[in-house]
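The values are calculated or read from the model by the stated rules, or taken from the named source; none is laboratory data. Not measured: the values here are computed from a predicted model. Positions of Cβ are generated from backbone atoms using ideal geometry, with glycine treated the same way; all protein chains shown enter the neighbour counts. Just the protein is used for accessible areas: all its heavy atoms, side chains included, with ligands, DNA and RNA removed. Shrake-Rupley method; radii C 1.70, N 1.55, O 1.52, S 1.80 Å.
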Amino acid sequence: MIPPRFDHVAPTTLEEALAVLGQHGDDAKVLSGGQSLIPLLKLRLAAPAVLVDINRIPGLDRLEEADGVLRIGALVRESALESADLVRRRYPILMDTAHVIADPLVRNMATVCGNLAHGDPANDHPATMLALEAEVVARSAAGERVIPVTQFFTGVFATALRPDEILTEIRVPAPAPRSGGAYLKLERKVGDFATAAVAAQVTLAEDGTVVRAGVGLTNVGPTPIKALQTEAFLAGKPLDDATTREAGRLAAEEARPTADRRGSVEYKRDLVRVFTMRALRRARDRAEGRAATASAERAYATAGGR
Ligand SMILES: Cc1cc2nc3c(=O)[nH]c(=O)nc-3n(C[C@H](O)[C@H](O)[C@H](O)COP(=O)(O)OP(=O)(O)OC[C@H]3O[C@@H](n4cnc5c(N)ncnc54)[C@H](O)[C@@H]3O)c2cc1C
């Protein structure tokens, strides 16, 4: 289908973009990578009068770590995240996540911030950002708000962003020593949205017990889910087989999947159980700086970690 008519505005400063958004309110939409918005327009599921294209605004493609925070600017594409040496070395969970989003063509355009702003519970970055306890920065003409990602996803395709705001940056806390994370996703074929996926990020004490655990779940509820009971259970425990097994059981309980063409409720819960165990093991291996065992690598690859 052909999209309905709209005006296309492509400002070259953030202030100008924010002024246009403030002027049009609900009638305007931010356009970044266009990988979700353009399909919605073509299906006529969205019909904004004005698209505020932020692609010509300089400085929004910043990806850098400073003062204990990784900053991911509004125009950082999935492909940039995936290929950044900093991300590979320090934030492998982000690389895992970017790597299983869609296909390389989509990843060349799609932005990480757009992945959150779209508010789709099937998108992959939300669960990872919940596990990492990231924050998002929302700018409007009136100023700046910093929103913990735990308060960002308010419903199906709904976020805490106001119509006059641009998500300018995601802030991810730099990992403490002995931290590691992993994202595992099952997709029916390459490029598909998740049947279910699990993000796990852990920080370990010298004796191997969990100082902090973050667990996020993709596409098993109306919003991405932070598995709070699982996280609380993990704190202070050694990440041995008994602990990861129980964590898997708890995460499956916290999932709220519905049946669809990707699978039944029982199937999706069981995926969450198994992937939570595998993601925690992978996170532990990375936290300990150990190469994963051959069998763990095989399980990881089988699970879609590639
Ligand atoms: C074939 C295909 C397969 C896909 N597979 C996956 C997948 O496996 N996993 C996955 O997670 N996603 C997948 N997607 C979805 C897509 O990758 C994300 O939703 C996309 O990254 C959104 O980012 P964008 O920059 O393209 O946003 P856009 O499409 O430009 O915008 C999406 C929405 O977010 C808003 N928005 C965007 N940026 C901002 C901002 N900075 N501030 C405020 N609002 C903003 C827009 O107004 C719009 O409402 C797929 C898409 C396609 C086309």
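So which of 230, 150 ends up being within 22 Å of residue 91 (Cβ to Cβ), more than 14 Å from the ligand (Cβ to nearest atom), open to solvent by 50 Å² or more (accessible area, probe 1.4 Å) and of a type outside the set (Lys, Arg)?
150 is the lone residue from the list that is within 22 Å of residue 91 (Cβ to Cβ), more than 14 Å from the ligand (Cβ to nearest atom), open to solvent by 50 Å² or more (accessible area, probe 1.4 Å) and of a type outside the set (Lys, Arg).
Please state which one of 194, 242, 235, 205 is surrounded by 15 or more Cβ atoms within 10 Å (Cβ to Cβ) and of a type in the set (A, V, I, L, M, F, W, C).
It is 194.
If only one of 80, 122, 131, 138 is in a loop (DSSP other than H, G, I, E, B) and of a type in the set (A, V, I, L, M, F, W, C), which one is it? Break it down stepwise before answering.
Numbers: 80 fails: in a loop (DSSP other than H, G, I, E, B); 131 fails: in a loop (DSSP other than H, G, I, E, B); 138 fails: in a loop (DSSP other than H, G, I, E, B).
That would be 122, the only listed residue that is in a loop (DSSP other than H, G, I, E, B) and of a type in the set (A, V, I, L, M, F, W, C).
Output yes when any residue across segment 94-108 is more than 13 Å from the ligand (Cβ to nearest atom), open to solvent by less than 20 Å² (accessible area, probe 1.4 Å) and either part of a helix (DSSP H, G or I) or modelled with pLDDT under 95 (or both), and no when none is. Please lay out each step first, then the result.
Residues of segment 94-108 more than 13 Å from the ligand (Cβ to nearest atom): 95.
Still in the running and open to solvent by less than 20 Å² (accessible area, probe 1.4 Å): none.
Looking for residues that are more than 13 Å from the ligand (Cβ to nearest atom), open to solvent by less than 20 Å² (accessible area, probe 1.4 Å) and either part of a helix (DSSP H, G or I) or modelled with pLDDT under 95 (or both), one finds none in segment 94-108, hence no.
Conditions tested, residue by residue: (1) in contact with a strand residue (DSSP E or B) (Cβ under 8 Å, 6 or more places away or on another chain); (2) of a type outside the set (A, V, I, L, M); (3) more than 21 Å from residue 28 (Cβ to Cβ).
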site: 119; (1), (2), (3): yes, yes, no
site: 123; (1), (2), (3): yes, yes, yes
site: 133; (1), (2), (3): yes, yes, yes
site: 144; (1), (2), (3): yes, yes, no
site: 148; (1), (2), (3): yes, yes, yes
site: 157; (1), (2), (3): no, yes, no
site: 161; (1), (2), (3): yes, no, no
site: 168; (1), (2), (3): yes, yes, no
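Please go through segment 81-105 and give me each residue that is more than 19 Å from residue 284 (Cβ to Cβ) and under 15 Å from the mean Cα position of the chain (by Cα), ordered by number.
81, 82, 87, 98, 99, 100, 101, 102
Please specify each residue of segment 27-75 satisfying the condition of being out of contact with any Leu (no Cβ under 6 Å at 6 or more places or on another chain), assigned to a loop (DSSP other than H, G, I, E, B) and open to solvent by less than 70 Å² (accessible area, probe 1.4 Å).
Matches in segment 27-75: 32, 33, 34, 36, 48, 49, 54, 55, 59, 68.
Cβ-Cβ under 7 Å, sequence separation 6+ or interchain: first residue in segment 23-45 and under 14 Å from residue 6 (Cα atoms), partner within 6 Å of the ligand (Cβ to nearest atom) and open to solvent by 100 Å² or more (accessible area, probe 1.4 Å). Which pairs?
none
With respect to the numbered conditions (1) under 30 Å from residue 285 (Cα atoms); (2) away from the ligand (no atom under 11 Å from the Cβ); (3) part of a helix (DSSP H, G or I), which one is the sole condition not fulfilled by residue 19?
Evaluating residue 19 over (1) under 30 Å from residue 285 (Cα atoms); (2) away from the ligand (no atom under 11 Å from the Cβ); (3) part of a helix (DSSP H, G or I) leaves (1) as the failure.
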